[in-house]
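One structure is given below, encoded as structure tokens.
The values are calculated or read from the model by the stated rules, or taken from the named source; none is laboratory data. Note that the coordinates shown come from a computational prediction; the quantities given were computed from them, not determined experimentally. Cβ coordinates were reconstructed from backbone atoms using ideal geometry, including for glycine residues, and neighbour counts include every protein chain displayed.
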Amino acid sequence: MPETQAAPTKVIIAGITKRQENFEYTMTELGELAKAANYNVVGEVTQKLDYPAGATYFGSGKVEELRMAANMKEAAVVIVNDELSPSQLRNLEKQMQLHLVDRTQLILDIFGSRARSKQAKTQVEIARLRYELPRLRQKNAGFDQQGGGSTGAGGALANRGSGETQLEQDRRVLNKRIGHLKQELIDESRDEEVRAAQRNESDIPTVALVGYTNAGKSTTMNGLLQLFTDRPDDKQVFEKDMLFATLDTSVRSIELPGNRKFLLSDTVGFVGKLPTKLVDSFKATLAEAKNADLLVQVVDYSDPHYPEMMKVTEDTLRDIGIEGTPMIVGYNKADRRDDQPAFPDENGDHLIYSARDEKSLRKLADMIEQRIFADAVSATYLIPFTDGGAVNFINSVAKVDKTDYTADGTLITATMSAANAGRVAKYAQD
Ligand SMILES: Nc1nc2c(ncn2[C@@H]2O[C@H](COP(=O)(O)OP(=O)(O)OP(=O)(O)O)[C@@H](O)[C@H]2O)c(=O)[nH]1
Ligand SMILES: [Mg+2]
């Protein structure tokens, strides 16, 4: 979506409910998503139905009501709160003489407009093509152009008279393109995996920020960078009050006092009814979260719907196959809550905080430190003067509490990861 545009297209948002509790919220969110795709929401139509009507999704009376509402409000597009089947989409468009966009398409559009890196673009395109594949019909004009009009037609004619229809041909082209993009992604993600593995080998613990879109993950990352790195301004990630500001994973190194280094990654946010095809193709981006030693779930505590958002986050994590990773739950934006809770406020694995508050960020860093360095070993080492390398090693990886120079060598009391402690274990004093 271009930032500046003529008047945004007017749309009606529509949905059906089986009386589920969070229906109203999913409709509000649909409106937000529509705004994020630069639509102007001018009306809302809902229907209570136990099951969507097979052919038209809405009941027939509703379809007419929708058509009239759209006419009256001069809306050219109807956005539906679910993914529609190809035939529902077609039937509805025909009956209403309006353009229809379902929730999946809407989210794909937003992702498409936000994707910057090659990887993100490829991932969105795969998801989009997979969405379009079963919906291919008369929409094949685009493929003729892509395949280069005349050659495409020639190809069809030369098709051994097998009687392959234009539609079959289009599907084949699309499938081929999907296969090609997937291979591209695999090649890239292999590099990504190698990099992630290298990071793990260097024995630096990894922490991933996860959570609903717009919860404040990137702001939390930037806040920690500001406090715990050199030249933090060069390392800032993009944060903004909009849905899906982040589509690429960024990994940064955070250095807590005492050589306590860890890698922090900022990832794509989640949303309700995130299309499975999209989740599927974003697996590479989410690899960082999957490999993390610790997750920090960032929650927008100022949003009354935060419990639903947490549920969506947890469901999505499970979908990606992330289960059992230790987690800190950070209830962010406490500064924006009407009941003005005290913060930072730590309670077990929970922290009420604000990403804009230094004390909060220090508290969060403390909590992270306690968890990822839980296996740290404290000991005193006597290192002979002949092994200066060991002294340097300890100084570079450990939190050094005390150093004394004795006649027998350097006496150092230090805390470091069990793995690092193992390397200098021969000098440990009992
Ligand atoms: N008042 C207040 N605003 C915050 C706080 N944390 C984040 N924000 C604002 O919330 C908005 C979203 O923040 P981001 O950090 O971009 O959110 P995100 O979780 O990275 O979102 P996506 O990348 O879209 O998934 C921005 O406008 C931030 O300035 C906070 O503690 N207090
Ligand atoms: Mg972000």
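For this structure, a couple of remarks:
- Screening the stretch 224-265 for residues that are of a type in the set (Lys, Arg), modelled with pLDDT of 85 or more and under 23 Å from ALA120 (Cβ atoms) and picking the one that is surrounded by the most Cβ atoms within 10 Å (Cβ to Cβ) gives ARG252.
- The lone criterion from (1) in contact (Cβ under 8 Å) with a residue 24 or more places away in the chain; (2) more than 16 Å from ligand 2 (Cβ to nearest atom); (3) more than 30 Å from LEU181 (Cα to Cα) left unmet by GLN297 is number (2).
- THR220 fulfils the conditions (1) within 16 Å of ligand 2 (Cβ to nearest atom); (2) β-branched (Val, Ile, Thr); (3) modelled with pLDDT under 90 except for a single criterion, (3).
- Residue in the stretch 258-265 that is in a strand (DSSP E or B) and within 16 Å of ligand 1 (Cβ to nearest atom) present: yes
- The listed residues are LYS273, LYS277, and the only one of them that is away from ligand 2 (no atom under 15 Å from the Cβ) and part of a helix (DSSP H, G or I) turns out to be LYS277.
- Residue pairs whose Cβ atoms lie under 6 Å apart, sitting 6 or more positions apart in sequence or on different chains, and linking a residue in the stretch 355-381 that is in contact (Cβ under 8 Å) with a residue 24 or more places away in the chain to a partner that is part of a helix (DSSP H, G or I) and surrounded by fewer than 19 Cβ atoms within 10 Å (Cβ to Cβ), are LEU361/LEU227; ASP375/ALA418; VAL377/ALA418.
- Strands (runs of 3 or more DSSP E) contained in the stretch 331-430 and holding at least 2 residues in the same structural domain as GLY216 (by TED's automatic domain parsing) and under 30 Å from ASP241 (Cα atoms): 345-347, 350-352
- Close Cβ contacts (under 7 Å, 6 or more residues apart or on different chains) running from residues in the stretch 236-254 that are under 14 Å from ALA115 (Cβ atoms) and outside the structural domain of GLU32 (by TED's automatic domain parsing) to residues that are part of a strand (DSSP E or B) and more than 10 Å from ligand 2 (Cβ to nearest atom) comprise THR249/SER265.
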